[in-house]
Amino acid sequence: MEVDELQQGLGAAMEVDENTKPEEAAPNPLAGEHMWDVSNVSTHQGKVLSEPFEIGGYSWQLLLYPRGNNRPDSLSLYLAVAEDDQQAFGLQRTAVFKLMLLNQAEGSDVVKDTQHTFTVRETDWGFTSFVNLTELRDPARGLLVDDKLRIKVSIEVRVPEDLSYDSRKETGFVGLKNQGATCYMNSLLQTLFNINQFRKAVYHMPTSEDADPATSMPLALQSVFYKLQFTAGPVSTKDLTRSFGWDTADAFQQHDVQELNRILCDRLEEKMKGTRVEGMVNKLFEGHTINYIECINVDYKSTRREPFMDVQLDVKNCKDIYASFDKYCEVEVLEGDNQYNAEQHGMQDARKGILFEGFPPVLQLQLKRFEYDFMKDMMVKVNDRYEFHDTIDLDREGGKYLSATADRAVRNTYKLLAVLVHSGGVHGGHYFAYVRPDGKQWLKFDDERVEKADNQKAIDDNWGGEGEAPPGGFGNPLRFTRHANAYMLVYVRESEWDTVMCQVTEQDISDHVRARLKAEQEDKERRKKEKAEAHLYTLVRVSTDADMAKQIGHDRFFDLVDHDLVKTFKMSRKAPFSELQKRVQEEMGVPLEKQRFWKWAGRQNNTYRPAQVLRLEAGEDPPISSIREAVPNRMQKPGVMATLNLFLETPATPDGELPPIRSKSDLLIFFKQYCPDPQQPSIKYAGHRLVPKDAKTKELHPLVRSLGGLADNDTVDLFEEIKFEPTVMVDRLGPSITLSGAQLEDGDIIVFQRQLSQAEAGAVQCPTAKEYLEFVRNRQLVTFRPLEGEGEEGVVELELLKSDSYDDVSKALASRLGLDHPLKLRLTGQNNLTHMPRPHPLRYRQYDSLQDMLKYGYGGQTSTLYYEVIDLPLPEYENLMSFKIAYHNSKLEEVGQHSVRISKQATIGDLLEEVRRQLPAEAQGDVPLRLMEVYQWKIWQLFDPRARVETIGENTWHLRVEVVPEDERDLEQAGVLHAHCLQVSEEPNNQRPFAHSDPFIMRVGPEETVGQLRQRVQAKLGVPDEEFQDSWKPLLVTFGGGEALSDDVVIAPRLDSQRLYGHQERNCIGFVHENKNQRRTHAHLHQRPQVWQGQEKALRIRS
């Protein structure tokens, strides 16, 4: 029993407008009032319960404690679920209600209101301190008169979601539903929607009255914007993404907001061509830059005018938005080796830069929060502090960002409209947006939820950098990196704010679109009303022999009927059963005297059968709500209508009568017939009959021959269909056993067939009904798609059996593809969430059956497998390891990439000999080779040629093979020193130098100095003197950073590990020089195609 006195005021939603005429207001079946007079109050010591009463389709009681419930100074009053309903399975009902203690003289009532979801654990709710006893007993107050209380309750039943946060009510705006990973799209759509001139242009795009939003992007976008503007709840974007050409996998792939913005606007601009809004996207978002190169010593200047839709600004090493613009427009001097070719003037010193000729009305700024980290050889997120402002002036300092051709009469002062935020890291996260549509109040658009925010949350909190959190105990505040920061900013020119943020009304959208969307909204409101009133009704689903004959052998093979496909009656729970009988007569044409109903029951073996005849005594006409299934096993959820499934038994012939039923001696048996045709075996429904329990199965032979149209001299076999989950169970019925002896019950199914001769049985795949039903249950349609490839080319569909082994599946697919061996295939499963291939292929006979091959995770199941055609049978193929190895010459130049396959039992020495066959002449003969793994441009490990190739592993980054230099062929000997050498660069704000080019190994003498090593490195790599003298400075590169080395330093004491093979952190010798390496990674050597790695699909929008 809980009390929540802080929720007063919620009952205001139930107040009736005094100006509304009673005849104009439709009665609300979910609301009502009840009066309760309590006499002899002083005689009650404990709780007092009212009689049950019904409001909103539910039974309630009022619960009163005249002397208080653990509060001796107060009267306690609660609303409770009626006692008979409190243990109902799955109890859950939600209500807004008002409790009133009425004044019986002249004065005010005591009124309190609240809301609650009643469950088995909380069956009552109200107020422990409803009114103070002193006030209650005060005669002047008029609440307790002649030892009597008058209590009134007003209740409105709600579905639970009615009480959730209402964005429209709180902010005037609604959110967008997230389809899986579409938050990035939602934040962009909310931003574009709140650029009113853009929204108006979308509304003005012509669309066809017969168009489908799922294929027409303009219509789908109009629909989303219209619903955002005029509907009450969160809006779905499924039609919009379908119009983009996206599938479920796309909805689970997160993409970049900037990329989506550009592609979406490009597609809209295409769709707007030839219409009255042609060019509107460019008018709003397009500006122009002037790229110039101006010679310093001669009169020559080259300029190029270019459009832009957004400006990409650096975040790293920039304090704020102005620092980014300064960097964007920074002048670069071209001199020395980097001089500019000024045509007839030849090579000249010059200045190069970018200036803005014009900014657009709506300025979109993309903040470069993601960049490539050379040290880590990957993309990283820049979470540095970066300030942006409520308003910006791009005419500052005399218009230093503007070109000479810019219109200086146009003021370039901008006001911030939207801040798009990314929270997370480079591999994923969450997007949301802050927008202020009125230019004053910030709103946070976070998928379905929209809420108010202040300047601190919208601007300052999204600068990034570090924040402080209070310490858990004593001590200094905890500092943390802000991973939620601004990623895109949208500014509107102040002088054009009123134009851009113009009023947009319903009249801006075409009549047919408005009518369509209003019809959608009315349908949505109708469904919402039906959901709210669902508990007031029961769906009675009436199945007949005709339904079973229509479905069995076509849509279903097991059990009897799919109730979703039978005649359904929506009945009030209070309606008498006779009303259903009348409707059955009117709508199904079955006279009352020819109707007999059976209740269905779910069995423990997961079958569902008619199990009990519905018997009504003479004159009995119970309400629909009182009729329950023979074995109720489904709970009613809030907002879901209760169902009652009935089988309607009718006479065997139209002119016949219903046979009398002897409940203790007759069984209702259903019959199916199996027809074992060699070309097209089938099963069909044959009817039902009341059969004596003590009848032997052979006594049914004449009946089933008649039902199946068989000859009188045909021998028949009978089977009982027992269950089909998780496996099929069909038992043959011996001719001498009785139905009761076979433990048959009402609703059981007998399958019969003509008995086949031995020759006939050999000619059909499934000679018996048992075998046929097992075959049907085991069938599986599988789609095979090429692992590398898009579209439908190479796609194969096969009907297989769930029990098929890997060999069976591979053989069937190989046969369809015309391969010369049944196992020259490798299969990969599908991720049923992303509908993309799983990272690793299926190993040969890894799973026992096709059913297991198609499973993904807990409860996940797909019907798709991916295939690769391979050149060896899979068992042999899996015994091999495949490698891609780059060959480097003595100057570290990569001169080739080679694919090698070798047995898992081979050594790395064997692998080197195998790859030698593909190498140039310099690597032939008996010259030793060595194999190393390179990661982030460092030697991760050198492989011991005596080790097995399995030690290389599947996740190796980059394999490199090279001839061992003559002076390094004794490195295995004790006392012979070597050093790992790196080619590195230094960054001003980074203590650790980062490697950027191929590393190498050098033998080191015990007394050798750094200067001597430098000379040998120069000779080894062939670096020109002029380049080498000014750069290639030596560093000792350690885990903690870099230390400069002078030429006279002896190297040996500065080295640590001399372990030749395997991985170990070690001090390296680095040489600092300019990075001229064109390759950032070794991606060209990755062995698996991208699709194996589950990489993101490319973002696209259908033209």
* To do: With the condition kept exactly as written, say whether any residue in the stretch 810-820 is over 30 Å from His835 (Cβ atoms) and at pLDDT 90 or above.
  => yes
* Residue identified as surrounded by fewer than 19 Cβ atoms within 10 Å (Cβ to Cβ), in the same structural domain as Val38 (by TED's automatic domain parsing) and either among the aliphatic types (A, V, I, L, M) or over 23 Å from the mean Cα position of the chain (by Cα) (or both) among Pro139, Pro206 -> Pro139
* Condition check for Ile750: surrounded by 14 or more Cβ atoms within 10 Å (Cβ to Cβ) and under 30 Å from Leu616 (Cβ atoms) -> yes
* Go over the candidates Asp349, Asp337 one by one and state the one that is exposed (fewer than 14 other Cβ atoms within 10 Å of the Cβ), out of contact with any Ser or Thr (no Cβ under 6 Å at 6 or more places or on another chain) and not hydrophobic (A, V, I, L, M, F, W, C). => Asp337
* Structure fact -> Within the stretch 763-785, the residues that are in a strand (DSSP E or B) and either of a type outside the set (Phe, Trp, Tyr) or within 14 Å of Asp677 (Cα to Cα) (or both) are Arg779, Gln780, Leu781, Val782, Thr783, Arg785
* Asked: Restricting the stretch 930-957 to residues that are assigned to a loop (DSSP other than H, G, I, E, B) and at pLDDT below 90, which is surrounded by the fewest Cβ atoms within 10 Å (Cβ to Cβ)?
  -> Asn955
* Residue in the stretch 976-986 that is modelled with pLDDT under 95 and surrounded by fewer than 14 Cβ atoms within 10 Å (Cβ to Cβ) present -> no
* Asked: Across the stretch 903-929, which residue is modelled with the lowest pLDDT among those that are in a strand (DSSP E or B) and more than 17 Å from Arg969 (Cα to Cα)?
  -> Ser903
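Conditions (1) over 48 Å from the mean Cα position of the chain (by Cα); (2) buried (at least 18 other Cβ atoms within 10 Å of the Cβ); (3) over 30 Å from Glu587 (Cβ atoms), marked per residue:
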site	(1), (2), (3)
Glu657	yes, no, no
Asp677	no, no, yes
Gly709	yes, no, yes
Asp712	yes, no, yes
Glu720	no, yes, yes
Ser736	yes, no, yes
Ser740	yes, no, yes
* Taking only the stretch 761-811 into account, find how many residues are buried (at least 20 other Cβ atoms within 10 Å of the Cβ) and of a type in the set (Gly, Ala, Ser). => 2
* To do: For Thr697, state whether it is surrounded by 15 or more Cβ atoms within 10 Å (Cβ to Cβ), outside the structural domain of Thr607 (by TED's automatic domain parsing) and polar (S, T, N, Q).
  => yes
* To do: Could you check, for the stretch 576-589, whether at least one of its residues is assigned to a loop (DSSP other than H, G, I, E, B) and surrounded by 17 or more Cβ atoms within 10 Å (Cβ to Cβ)?
  => no
* Structure fact -> Among strands (runs of 3 or more DSSP E) entirely within the stretch 25-122, at least 3 residues that are under 30 Å from Ser625 (Cβ atoms) and in contact (Cβ under 8 Å) with a residue 40 or more places away in the chain occur in 31-38, 58-65, 74-81, 92-101, 110-119
* Filter result (in contact with an Asp or Glu (Cβ under 8 Å, 6 or more places away or on another chain) and in a helix (DSSP H, G or I)) within the stretch 200-218 -> Lys200, Tyr203
* **Condition check for Gly896: outside any helix (DSSP H, G or I) and either over 25 Å from Ser997 (Cβ atoms) or small (Gly, Ala, Ser) (or both)** => yes
* To do: Could you list, in sequence order, all residues of the stretch 752-802 that are under 28 Å from the mean Cα position of the chain (by Cα), more than 16 Å from Leu827 (Cα to Cα) and free of Cβ contacts under 8 Å to residues at least 24 places away in the same chain?
  => Glu790, Gly791, Glu792, Glu793
* Any idea which of Val153, Val174, Val145 is on the phi < 0 side of the Ramachandran plot and surrounded by fewer than 18 Cβ atoms within 10 Å (Cβ to Cβ)? -> Val145
* To do: Specify the residue that is modelled with the highest pLDDT; the eligible residues are those in the stretch 610-620 that are surrounded by 12 or more Cβ atoms within 10 Å (Cβ to Cβ) and in a loop (DSSP other than H, G, I, E, B).
  => Leu614
* Count, please, the residues in the stretch 692-725 that happen to be part of a strand (DSSP E or B) and over 20 Å from Ala549 (Cα atoms). => 4
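The values are calculated or read from the model by the stated rules, or taken from the named source; none is laboratory data. What you see is a predicted model, and the numbers here were worked out from it, not measured in a lab. Positions of Cβ are generated from backbone atoms using ideal geometry, with glycine treated the same way; all protein chains shown enter the neighbour counts.
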